1. Tell me which of these Leu36 doesn't satisfy, since it passes every other one: (1) buried (at least 19 other Cβ atoms within 10 Å of the Cβ); (2) assigned to a loop (DSSP other than H, G, I, E, B); (3) modelled with pLDDT under 95.
2. For region 252-272, enumerate the residues that are touching a strand residue (DSSP E or B) at 6+ places or on another chain (Cβ under 8 Å) and surrounded by fewer than 19 Cβ atoms within 10 Å (Cβ to Cβ).
3. Please work out which residue is modelled with the highest pLDDT, limiting yourself to region 341-355 and to residues that are in contact with a Phe, Trp or Tyr (Cβ under 9 Å, 6 or more places away or on another chain) and assigned to a loop (DSSP other than H, G, I, E, B).
4. Given region 248-291, what strands (runs of 3 or more DSSP E) lie entirely inside it while holding 2 or more residues that are touching a residue at least 40 places away in the same chain (Cβ under 8 Å)?
5. Here is a list of conditions, (1) touching a Pro at 6+ places or on another chain (Cβ under 9 Å); (2) assigned to a strand (DSSP E or B); (3) under 23 Å from Val324 (Cα atoms), and Arg221 meets all of them except one; can you say which number that is?
6. So which residues in region 243-287 are on the phi > 0 side of the Ramachandran plot and more than 20 Å from the chain's Cα centre (by Cα), if there are any at all?
7. If I filter region 219-231 for residues that are over 22 Å from Asp163 (Cα atoms), touching a residue at least 24 places away in the same chain (Cβ under 8 Å) and crowded, with 19+ Cβ neighbours inside 10 Å, do I get at least one hit?
8. Going residue by residue through region 310-321, is there one that turns out to be modelled with pLDDT under 95, out of contact with any Phe, Trp or Tyr (no Cβ under 8 Å at 6 or more places or on another chain), open to solvent by less than 40 Å² (accessible area, probe 1.4 Å) and more than 21 Å from Gly58 (Cβ to Cβ)?
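The values are calculated or read from the model by the stated rules, or taken from the named source; none is laboratory data. Predicted, not measured: the structure shown is a model, and the values here were computed from it. In this analysis, Cβ positions are derived from the backbone assuming ideal geometry, glycine residues included, and neighbour counts consider all displayed protein chains. We work out accessible area using only protein heavy atoms, side chains counted, and drop any ligands, DNA or RNA first. Shrake-Rupley method; radii C 1.70, N 1.55, O 1.52, S 1.80 Å.
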Amino acid sequence: AAGVTAVAGLNRGASGPQQAAAAAAVRAVPPYYIALTGTRPPNQDHRRLAGIYATATGALIASIAVPRPYATFAGVSAAADDRTFAVAAEAHPARRLPAVKFFLVRFNPVSHATRLVALAMPRVPAGAALDGFALSPHARRLAVAFEPNGAASRLTEEVRVLDISTGATRTWTSSQGTVRGGTPGARSLSWADNDITLALNWAGCRRTDRAAVVPAISGVRLLDTRKPGSDLVAASRLAVRLYDIAGHASPSGLVPGVAMLTANGRKVVAAVTTRLGTTGGFAEFSAATGRLLGKLGWRPLGSEAAGVPMDVLWASKSGGTLLVSSPPGHAGQIAIIRGSRVTLLPVSGRVAFPAAAAW
């Protein structure tokens, strides 16, 4: 009830039917999310903790302390059960890329208690650059993407997938590009709800030159993690040629942010703008053909106040409902979009959207 009241308060002047639609929108999204607290990158003087928040009210439900000997959390991810989350912890030494260790967060929505469970693998070694990680919808698998050679001129990307129940790990590598996103991007990687198909936001390049962009292999790639093979590009297929690469126009004609695979595996959704940046919103593409299927929350972009980047934070199984940050006309806010209807949500000032939260 408090959540419905809070949402109705943000949508002041709404009629009874409009308030009912807003309440229905809130019921259509996950009730909880995990987020990092703080608005600055972690450094020696600023550590980031994590918390479980209520989607409807923005209230902090449970706090999660960083386990020793680590100093800060670097990223978060979420399963689809509203009870299981994942966090990345690091020591963050001053002069090198830190090692990263992953933990599951078990959350009890009744008692609001949380429990951290350490995962032995996959651990990102010191000197490597973490590009993203994603917990699968049923919390059976964890995917981690990183560059083992950090900032070296010769590019290599590595993706490891851990089977949480057995401890088995599979590894794919490539020297033909990198996973877009970066720490703590929770949507650089995304899963279908079969816990098998992994989507990667891929920026292709030549093997020995980061600047030599290869559009033919860039976009959203789908990896069937059951099939044999260890070459990341050869083992995956290009589903949607959707990318934001300087000097190379996306075939869609739109400039995208990081894209996300819907749970049914049929659509790819992303925040997009036109090339001129005059119009924007959110778009859905077919994961089978790559074609543009439709637009949500689309409108002209005026000279709006600076806010957090426009992004898709969560998508329903079919993609019909989106939870987004900074929809057009509402910079710095998060909202639920269902068709043409936008329902604003309360947010916590502790959380730096969009990168530091996951549903």
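1. Result: Leu36 passes all but (2).
2. Hits for region 252-272 are Gly253, Arg266.
3. Filtering first and then ranking leaves Val347.
4. The qualifying strands (runs of 3 or more DSSP E) are 267-274, 279-286.
5. Result: Arg221 passes all but (1).
6. Selection gives Gly247, Gly253, Gly277.
7. Checked against the condition, which is being over 22 Å from Asp163 (Cα atoms), touching a residue at least 24 places away in the same chain (Cβ under 8 Å) and crowded, with 19+ Cβ neighbours inside 10 Å, region 219-231 yields at least one hit.
8. Among the residues of region 310-321, at least one is modelled with pLDDT under 95, out of contact with any Phe, Trp or Tyr (no Cβ under 8 Å at 6 or more places or on another chain), open to solvent by less than 40 Å² (accessible area, probe 1.4 Å) and more than 21 Å from Gly58 (Cβ to Cβ), which makes the answer yes.
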